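A short write-up of the structure that comes next.
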Amino acid sequence: MPERVIRNGVLGGGALGLTVALRLAQRGERVTLIERELAPGGLAAGFRLGPSYLEKFYHHLFRSDTEAVALINELGLGNRLEWPRPKTSTLIGGERHQLDSATSVLRFSPLPLADRLRLGAALAYLRIEPNYHRLERTTASRWLRKWMGARVYSTVWEPLLRSKFGDRHDDVAMSWFWARVHLRSSSLGYLRGGFQQLYEALVAEIRRLGGTVLFDTTVRCVEAAPDGLFNVSTTGETFEFDRVISTLPTRLTIQLTPALPASYSDRYGTLESYGAHCAILTLERSLTDVYWLNINDPGYPFLALVEHTNYMPPADYGDRHLIYLGNYLPMSHPLFGKSDEEILDLYVPALQRINPEFERSWVKELRTYKAPFAQPIVTVGYPDQIPPHTTPVPNLYVANMSQVYPQDRGQNYSIAMANRLVKSLPAGTV
């Protein structure tokens, strides 16, 4: 038989899948990317709001996100990348306390000076400790209590862990917490006009190179044929591929691929994740002077308030003031089934606690977005459950957020994983 160029099927059109498809197309291989949503971007996808895009779930970059920055520059969008330094605060005792720098740690009045110094010293250690493996066999709650002290833990960290992980907060590995500190920066990068521009540019470049990108197309089954090829059936048609790279959650890939053995499912199909629920409110005026507000006070129905237009100017969105109210919860949680009106009934009293002047009439629009498998629960022992990219089925590869450990998500880590994976794949013809 004459040789032919490798035909690749890429499942999922988030940052990871799009970057995989781009790199494969750049080396001359045939690529078909299949995405069930109507637009690219996955959890970083946005929608039009005024002259810009706004992400459905809040996003930004850190200075350490070098591979995301490199891709943005590669696609000619570098002139739109900005690095403001917005304010991050914590709500404690009904008051907002800035906590986003060494200076703010020293001024953090909910703690006495001795505890502030202890907090600052431990955070400094986590910033310079390069080896997270030293921390992955203990929990965050145990390590933080020991090295930062019980008062620091109960005031600053325990409320955040509880609100994010619920009943699992005591099980979260310290390596996960290390990643929250080690690579973070005070300056936050944003693609002015929205990250959707990056994903539209990726699609355009893949197509320019001869690749195919399909939207509104759901994968139904990935069948490994006896001749070593794959038949991928979708809601539209069935495709034949030499190689399949699934960027879908591992559990979903297992469900779609009958050829994966039970032993693979037993070992790698049990990683736990919470879903994301995000309400975006358009307000007639600003609610706070803070970009990111961690909610440490009890009784709030959301874990964070992110006032995006204290980061990017309201003029970018038709002079709208925009806040995100975010949660990570089991998908069975009642919040996922509430109507917009019920969500407002739940959230308005909480917003009035944050700003007593707030009135429901300030709300001009509410949008809610939901996504499963959004927040991996990184427990002690998690590394032993991370699947390799290769699977027992030859030429079937898995690449998803569960593998960015000790990080748990992020555009940069998806892009970096895609770059590494494609470099490891055999190139050429079959």
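What number, in percent, do you get for the relative contact order of region 339-430 if the mean sequence gap of Cα pairs under 8 Å and at least 6 apart is divided by its residue count?
Values: 42 pairs, mean separation 15.8, N = 92.
After rounding, I find 17 percent.
Which is farthest toward the positive dipole end of the chain among Thr238, Val222, Tyr311, measuring Cα position about the Cα centre, with Cβ charges +1 (Lys, Arg) and -1 (Asp, Glu)?
Tyr311
Got a sec? Charge dipole of the chain, +1 on Cβ for Lys and Arg, -1 for Asp and Glu; which of Thr282, Ala262, Trp143 is way out at the positive end?
After comparing all options, I get Trp143.
Out of residues 5 or more away from Leu99 or on other chains, whose amide H comes under 5 Å of its own, with H placed 1.01 Å from N in the peptide plane?
Result for Leu99 returns Thr88, Ser89, Thr90.
Over the Cα atoms of the chain, what radius of gyration and what Dmax do you get, in Å?
Looking at the chain, its Cα Rg and Dmax stand at 22.4, 76 Å.
Report the label-to-label distance for Ser339 and Glu95 in nanometres (one decimal), using points 7 Å from each Cα along the Cα→Cβ vector.
A separation of 4.1 nm, rounded to one decimal place.
Which value in deg cm²/dmol, rounded to the nearest 500, describes the helix-derived mean residue ellipticity at 222 nm for the chain, given -39,500 (n - 2.57) per DSSP H run of n ≥ 4 and division by the residue count? Before the final figure, lay out the partial values.
Details: 12 runs with 124 residues, N = 430.
That calculation yields -8500 deg cm²/dmol at 222 nm.
With +1 on each Lys and Arg Cβ and -1 on each Asp and Glu Cβ, how big is the dipole of region 1-73 about its Cα centre, in debye rounded to the nearest 20?
Numbers: 9 positive and 7 negative charges, 31 e Å.
Rounded to the nearest 20 debye, it is 140 debye.
For the residues His333, His133, His97, His277, what sequence is obtained by ranking on other C-beta atoms within 10 Å, fewest first? Walk me through the numbers before you get to the answer.
Numbers: His333 15, His133 11, His97 18, His277 23.
Going from least to most buried by this count: His133, His333, His97, His277.
Just want to confirm a number: the relative contact order over region 273-376, from Cα pairs under 8 angstrom separated by 6+ residues, in percent.
Relative contact order, region 273-376: 46 percent.
Let me know the charge dipole size of region 273-376 about its Cα centre in debye, to the nearest 20, where only the beta-carbon of Lys, Arg (+1) and Asp, Glu (-1) is charged. Before the final figure, lay out the partial values.
Working: 8 positive and 13 negative charges, 57 e Å.
The dipole magnitude comes to about 280 debye.
Top mean-square fluctuation among Thr379, Thr235, Thr390, Gaussian network model of the chain, C-alpha springs under 10 Å?
Thr235
Could you give the size of the charge dipole of the chain about its Cα centre, using +1 on the Cβ of each K and R and -1 on the Cβ of each D and E, expressed in debye and rounded to the nearest 20?
1060
Going by C-beta contacts inside 10 Å, put Asp266, Asp227 in order with the fewest on the left.
Ascending number of Cβ neighbours within 10 Å: Asp227, Asp266.
Kindly count the pairs of lysines across the chain whose alpha carbons are less than 25 Å apart, treating pairs on different chains or eight or more residues apart as eligible.
Taking the Cα cut-off of 25 Å, the pair count is 12.
Could you grab the relative contact order for the chain? Cα pairs under 8 Å, six or more apart, rounded to a whole percent.
Values: 845 pairs, mean separation 107.4, N = 430.
Here the relative contact order equals 25 percent.
Take every Cα-Cα distance within region 273-376, group them into 5 Å bins from 0 onward, and report for each bin the whole-number percent of pairs it holds.
2, 12, 23, 26, 20, 12, 5, 1
Only the coordinates and a few stated rules stand behind these numbers; no lab work does. Remember, predicted model here, so these are calculated numbers, not experimental data. Positions of Cβ are backbone-derived with ideal geometry, glycine not excepted, and every protein chain shown enters the neighbour counts.
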